[in-house]
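J.: Supplied in structure tokens, the structure appears directly below.
The values are calculated or read from the model by the stated rules, or taken from the named source; none is laboratory data. Source: prediction; values computed, not measured. Cβ atoms come from the backbone with ideal geometry, glycine included; neighbour counts cover every protein chain shown. In case anyone asks, the SASA skips ligands and DNA or RNA and just uses the protein heavy atoms, side chains included. Shrake-Rupley method; radii C 1.70, N 1.55, O 1.52, S 1.80 Å.
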Amino acid sequence: MKVAVFGLGYVGLTAVGCLARDDHEVIGIDTNPHKVEELLAGRCPIKEPGLAELIATGVSEGRIHASQLADGLLASCDLALVCVGTPSGTDGSHNMTFVGEVTRQIAVACKDRRGPPLTVVYRSTVRPGTMENFVTPILQATLKDIRNKIELVYNPEFLRESVAIFDYDNPPKIVVGTADGAQSDTIERLYAKLTAQRFYTGFKEAELTKFVDNTFHALKVSFGNEIGRLCYNLGIDAETVYKIFVSDTKLNISSYYLRPGGAFGGSCLPKDVRALQYLSSDIGANTPVVDSIIRTNEAHKHFVFQSCINGVAPGALVLLTGLAFKPNTDDLRESPNVDLARKLLNAGFKVSVYDPNVRAEHLLGQNLGYAYSQLPELSNLLIARREAETTLYDLVVDTSGNELGLHTQAKQRFNLREFMRAERRT
């Protein structure tokens, strides 16, 4: 098939690379000229293991193209994937600016379409009712008969950064929302090689799915960390309690996210928890457990900060071995490590950061904006590996799991999980 992908972020670029690998012809569309230039040159503008190779191959073999505008490019396409961002608004709801603009572009491009309808698949996380009450009216403003021009589909993605290609090929499920809940032949062609269970539903059920998943993941992280703090205060080994708890796969089903450790962050969980909180408040539901998730996550960030600086003199030299919210990515959005760096700086510590995946000059879009709004000193904090390994630090904090701490000199080291276990054993 010939596929247009709107939005060249983590979700969109993963789709571009994997679709090209699977012999589809792909056009990546993004308003950011740097992303388009990088893609046309066969380079991946983000950090995602294995993706650079897929994109380089796809471009060299002529299966990947890119443009800032959709003008004239959709006429020959079978499918359009909308993967643009829906960042948090000031009230916690999703900002729908990018979805609205892309929808308008698609409507204009399909006004004179001939032949089969273009299947337009929205993968961005959106509030239930968006397809019917936001997307459809925008399309109707330009297209008189939508059904003859566009097949509208909502298909949430379940990709985790740093393992996105694996998740693309091995999704936990495939959820497809259509106007009548009926099967889409184009979607079946798209996912013909995948064996995951498929759920065809109406739009609203599919739209709510991602909220439920991400909020539960965030809840598991928060629950695991609260139990970890409780164990720490009682002198109990949280790791042992965790192993016993997740061994029960009949009742305590999922071991993912439940381990006591760092706070949750990234571009999905905080954003979608806040959006679900906003939705709950907007419709008058009463969800105190969901409403407390962000607060307990913030409490855990402060617990980590206080644990780090215990016994460390003010003004000490501190190294963080990672800044992104998880290893093997350069995504700094809502990273707990960014919060930790800011707290350390505000407390008067001299902070350096070594993260091999983060280059200040390579940050783009929302990632760039978030990084410098939270850490204006970012460019000065990042150091090279040689400096990290040859400087004597008062404190090294393992914030990435990249084991750099094994090669650095430090008077003290801090790893949250190991720290809690060691303290309980004394």
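J.: Could you count how many residues in segment 175-189 are in contact with a Phe, Trp or Tyr (Cβ under 6 Å, 6 or more places away or on another chain) and crowded, with 16+ Cβ neighbours inside 10 Å?
T.: Counting residues in segment 175-189 that are in contact with a Phe, Trp or Tyr (Cβ under 6 Å, 6 or more places away or on another chain) and crowded, with 16+ Cβ neighbours inside 10 Å gives 3.
J.: Where residues in segment 294-345 are among the polar types (S, T, N, Q) and in contact (Cβ under 8 Å) with a residue 60 or more places away in the chain, which of them is most open to solvent (accessible area, probe 1.4 Å)?
T.: Looking at the filtered set, the residue picked out is N328.
J.: Also: If the requirement is being at negative phi, surrounded by 15 or more Cβ atoms within 10 Å (Cβ to Cβ) and not β-branched (V, I, T), which of these qualifies: L194, L234, L208?
T.: L208
J.: For segment 180-193, check the following and say yes or no: at least one residue is of a type in the set (A, V, I, L, M, F, W, C), part of a helix (DSSP H, G or I) and in the same structural domain as T86 (by the TED database).
T.: yes
J.: Moving on to the next point. Looking only at segment 252-291, filter to residues that are in contact (Cβ under 8 Å) with a residue 12 or more places away in the chain and of a type in the set (S, T, Y); which one of those is most open to solvent (accessible area, probe 1.4 Å)?
T.: Only one residue fits best here, namely Y256.
J.: Let me ask you something else. Just to check your reading of the model, which residue among S124, S76 is assigned to a loop (DSSP other than H, G, I, E, B), open to solvent by less than 20 Å² (accessible area, probe 1.4 Å) and under 26 Å from D185 (Cβ atoms)?
T.: Sole residue among the options that is assigned to a loop (DSSP other than H, G, I, E, B), open to solvent by less than 20 Å² (accessible area, probe 1.4 Å) and under 26 Å from D185 (Cβ atoms): S124.
J.: Hey, another quick one. So which of C18, C44 ends up being out of contact with any strand residue (DSSP E or B) (no Cβ under 7 Å at 6 or more places or on another chain), over 16 Å from V84 (Cα atoms) and assigned to a helix (DSSP H, G or I)?
T.: The match here is C18.
J.: Give the residue, chosen from S88, S60, that is open to solvent by less than 60 Å² (accessible area, probe 1.4 Å) and either closer than 19 Å to T14 by Cβ or among the small types (G, A, S) (or both).
T.: Among S88, S60, only S88 is open to solvent by less than 60 Å² (accessible area, probe 1.4 Å) and either closer than 19 Å to T14 by Cβ or among the small types (G, A, S) (or both).
J.: Here is a further query. Cβ-Cβ under 8 Å, sequence separation 6+ or interchain: first residue in segment 69-86 and at positive phi, partner surrounded by fewer than 19 Cβ atoms within 10 Å (Cβ to Cβ) and of a type in the set (S, T, N, Q). Which pairs?
T.: Close Cβ pairs (under 8 Å, with a partner that is surrounded by fewer than 19 Cβ atoms within 10 Å (Cβ to Cβ) and of a type in the set (S, T, N, Q)) do not exist here.
J.: Sort out which residues of segment 127-172 are closer than 16 Å to G12 by Cα, open to solvent by less than 20 Å² (accessible area, probe 1.4 Å) and not charged (D, E, K, R), and write them in order of number.
T.: Passing the criteria: Y154, N155, P156, A164.
J.: Does E101 meet the test of being within 22 Å of L364 (Cα to Cα), out of contact with any Gly (no Cβ under 6 Å at 6 or more places or on another chain), in the same structural domain as A20 (by the TED database) and not in a loop (DSSP other than H, G, I, E, B)?
T.: So E101 fits the description; yes.
J.: Kindly evaluate F134 against the criterion of being more than 22 Å from the chain's Cα centre (by Cα), in a strand (DSSP E or B) and either at pLDDT 95 or above or aromatic (F, W, Y) (or both).
T.: Taking the combined requirement at face value, the residue does not satisfy it.
J.: Something else about it: Taking T240 and the conditions (1) open to solvent by less than 30 Å² (accessible area, probe 1.4 Å); (2) of a type outside the set (K, R); (3) out of contact with any Lys or Arg (no Cβ under 7 Å at 6 or more places or on another chain), which numbered condition does it fall short on, given that it satisfies the others?
T.: For T240, the failing item is (1).
J.: If I253 satisfies all but one of (1) more than 25 Å from A164 (Cα to Cα); (2) part of a loop (DSSP other than H, G, I, E, B); (3) aliphatic (A, V, I, L, M), what's the number of the condition it fails?
T.: The one condition I253 does not meet is (1).
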